[in-house]
Amino acid sequence: MGNTQDNLQATFAGESQANRRYLFFAEKAEEEGQPQVAKLFRAVAEAETVHARNHLKVMGEVKSTQENLAEAISGENYEFSQMYPAFIEQATAEQNKDARISFSYANKVEKIHHGLYQEALDAVKSGQKLTDAPYFVCQVCGYTVVGEAPGSCPVCGASSEEFKWVD
């Protein structure tokens, strides 16, 4: 056990991962005809989100929108410029095609996220607001676009039906 700050970081990571894992488990339970189990997974996932948010606030990592955007830009830049290229190289060396594809999709999309965040930061810095519009996210690769879903995903080729509307 580390110091309290280390413990907060570890529990934030753990609670965040549990949230996502339980949401994916809920999807599987729905597919298998277990709607009440799916509800349970979603309810506990929401509780894990509460825990993660509390830990992040205590760490002082929820800041102004401008600061949060700058941090998001930095994180996305690290992912597409350093993290994913190394992971892609390793997966290629190990001939793990599925991992290579997953990492490659994420790498391409992180560049797009970086650009979207940069656009938002520029707007905030200049005192403007982004135009109110929905986002669409490809459920195969994560490609994210504002306005409307493309006919096919430019990253993975999925059809427009694979995009989820986020408002």
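Computed from the coordinates by the stated procedures, all read-outs in this text should not be read as laboratory data. In this text, all values refer to a predicted model and were calculated from it rather than measured experimentally. Neighbour counts run over all protein chains shown; Cβ positions are idealised from the backbone, glycine included.
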Looking at 99, 109, 88, which one has the Cα that reaches farthest to the positive end of the dipole of the range 63-130 (charges on Cβ: Lys, Arg +1; Asp, Glu -1)? 109
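For the range 23-167, count the residues as N, evaluate 2.2 N^0.38 Å, and divide the Cα radius of gyration by that value, please.
That works out to 1.23 for the range 23-167.
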Sparse-neighbourhood loop hits (GluC sites (Glu not before Pro), the range 81-133; DSSP loop; Cβ within 10 Å at most 15 others) -> 94
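Using only the Cα atoms of the range 4-58, build the gyration tensor, take square roots of its eigenvalues as a ≥ b ≥ c, and label the shape rounded, prolate or oblate: rounded if a/c is under 1.5, else prolate if a/b is larger than b/c, else oblate.
Values: a/c = 4.88, a/b = 2.91, b/c = 1.68.
Because a/c hits 1.5 or more and a/b exceeds b/c, the range 4-58 counts as prolate.
In deg cm²/dmol, rounded to 500, what helix-only [θ] at 222 nm does the chain give when every DSSP H run of at least 4 residues adds -39500 (n - 2.57) and the total is split over its residues? Before the final figure, lay out each step's value.
Working: 5 runs with 105 residues, N = 167.
Helices in the chain give a 222 nm mean residue ellipticity of -22000 deg cm²/dmol.
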For the chain, give the magnitude of the charge dipole about the Cα centre (Cβ charges: +1 Lys/Arg, -1 Asp/Glu; no others), in debye to the nearest 20. 180
The range 1-98: C-alpha gyration tensor shape, a/c 1.5 cut-off, then a/b vs b/c: oblate
Applying the span-like rule to the chain (DSSP H, Cα extent along axis at least 24 Å, Kyte-Doolittle mean at least 1.6) gives none
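Going by average Cβ neighbours within 10 Å, how do the peptides 53-66, 120-133 rank, with the highest at the top?
Details: 53-66: 12.9, 120-133: 11.4.
Answer by packing, highest mean first, reads 53-66, 120-133.
What does the net charge come to around residue 21 if you take all other residues with beta carbon closer than 14 Å to its beta carbon, with K and R at +1 and D and E at -1?
Numbers: positive: 20, 28, 42; negative: 15, 27, 46, 48.
Its environment carries a net charge of -1.
What is the local net charge at residue 34, summed over the other residues whose Cβ is closer than 14 Å to its Cβ (Lys, Arg +1; Asp, Glu -1)? Don't jump to the answer; show the numbers that get you there.
Numbers: positive: 28, 39, 42; negative: 27, 30, 31, 32.
That sum, taken over residues with Cβ under 14 Å, equals -1.
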